[in-house]
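To start, the structure itself, in structure tokens.
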Amino acid sequence: MQALPTHPGSTFLMNVSNTVRLAFCGKARKGIYVAGAELSGNSSVIPTKEKSHRVADEKIEKILKYQNVGAFQSLPMVMPSKDILCSAMRKAKMVGPTKGIINLAKRERNRGAKQLDALMKELAVPLRNYVERFPSNQNLHPYEQSLIEFTLGKGKYEEVLQAVDLFRRRITSIGKQQASVCAKSISKREAEQRLSEGFSKMEELFQNNGRAVDNLLNIAKTLRAMPVVDLETPTLCLVGAPNVGKSSLVRILSTGKPEVCNYPFTTRGILMGHITINYERFQVTDTPGLLRRSDGERNNLEKLTLAALSHLPSAVLFVHDLSGDCGTSVSDQFLLYNEMRERFGNRLWMDVVSKADLLSNSSSASYTTENNYKLVGPEGSLHVSIKTNQGINELKQKVHEVLLCELSKTKSMPPNYRDGGDDISEAIGLHSR
Ligand SMILES: Nc1nc2c(ncn2[C@@H]2O[C@H](COP(=O)(O)OP(=O)(O)OP(=O)(O)O)[C@@H](O)[C@H]2O)c(=O)[nH]1
Ligand SMILES: [Mg+2]
């Protein structure tokens, strides 16, 4: 943690902001945010009560806004727009006039207004429920915010929710208008006509704009299908350039069965597999490949991989393909590797050279320069081949060791410190290498 010694209060502020962030991530899955406990900090300077309370309140408020990981699994079921319309029309048509009205014209306009009002409500209420029950983006866990941004596109989620809300408001306003017109009818015939016109208008409106609801339904389907991540289960994340053999290894190591193809970016999302060791369950994540380029140039698939690395606590298995088969040059893989080590090097980390069957020199040796990287990969890397099974048993063994190590690392941390954030290991002095 950094301290700003020049200003007494600022030391506390820096500590607060860090501990609070850790607190949120650690217990995020269970939705238990023990921010208050963390706010004692370890500052040697005690700020004024008022100021500290205000800062604490602001921070807690911020934290409490976050949802659990797993929000996508509790999204409401959205009905297709044509089903909402059919059901609303059927229910509205069953509404009768208020009892005891003898005058025919009065009775008919009462029935018409009530039916149009019922139709408006039957159409608008489900939409209001959707808008209210879909979590707002900023209240989601940062990992889920990234999933939304990089899977649906920036702003798409909010845009669709806004469209549904706008649609709801139009239905309410036009429905009220139609009911009011019908209620002013002076004859039975006019009331019947107004009722029929009102129904047609509402039906047409819903048919023309129902796409907003169907878009929301598709978004809910996409999000619900995202793999469920448990922040407290130790995880191994396979990373590397595209087409290097990450998914092939995930298939061998875990229950995950991602698609394997001989072209880049076959894996188009974060996929999960599981491994059980001594009754203990672990997660393995397959990720889209990363190219050697600046973050500004990255596509959404690459951004998804970086988001998973940043927000999920995980050990890293970096896959290197030195065979020239994957489409990313070995030099570029070397640069990518160095960049990732720099960014995420405080995680438990293992290097695997894939496609050993295609390499002439497949011995592991202690070389670190680029030229030697081209021959054998980073120091200590394991050479494996899924074609010949070379190194696979050793790989499984190593993966188990790393996951058990990740488990004890997780257990040794105070609950509120469990996070993928890179400053945590540093904060508690835990380094893999
Ligand atoms: N010869 C050989 N080919 C392999 C080996 N491992 C994977 N491959 C092939 O490499 C290609 C890419 O494998 P994937 O597992 O899809 O690679 P990936 O890194 O997941 O690719 P993306 O999802 O596109 O990033 C496939 O054609 C695999 O059959 C290996 O050990 N030896
Ligand atoms: Mg893949």
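The values are calculated or read from the model by the stated rules, or taken from the named source; none is laboratory data. Being a predicted model, the structure only gives us computed values, none of them experimental. Every residue, glycine among them, receives a Cβ derived from its backbone with ideal geometry; neighbour counts consider all protein chains shown. Calculation scope for accessible area: heavy atoms of the full protein, side chains included, ligands and nucleic acids excluded. Shrake-Rupley method; radii C 1.70, N 1.55, O 1.52, S 1.80 Å.
With a 10 Å radius around each residue's Cβ, average the other Cβ atoms per peptide and rank 271-283, 143-155, 345-357, highest first. Please report the intermediate quantities before stating the final value.
On the way: 271-283: 15.5, 143-155: 18.7, 345-357: 21.7.
Sorting 271-283, 143-155, 345-357 by mean packing, highest first, produces 345-357, 143-155, 271-283.
Counting only heavy atoms of the protein chains, get the accessible area per residue of the stretch 235-427 (1.4 Å probe) and round it to a whole Å² value.
41 Å²
Below 8 Å, C-alpha to C-alpha, sequence gap of six or more: please give me the relative contact order for the stretch 235-427 in percent.
Normalised by residue count, the contact order of the stretch 235-427 is 21 percent.
With respect to the cross-link table entries Lys154/Lys246; Lys246/Lys398; Lys93/Lys114; Lys121/Lys154, which display a Cα-Cα separation exceeding 21 Å?
Violating the 21 Å Cα-Cα cut-off are Lys154/Lys246; Lys121/Lys154.
Pull up the DSSP beta bridges for the stretch 219-352 and report the antiparallel fraction as a percent, rounded to 5. Don't skip to the answer; put the middle values down first.
Details: 7 of 20 bridges.
Taking every DSSP beta bridge with both residues in the stretch 219-352, the antiparallel ones total about 35 percent.
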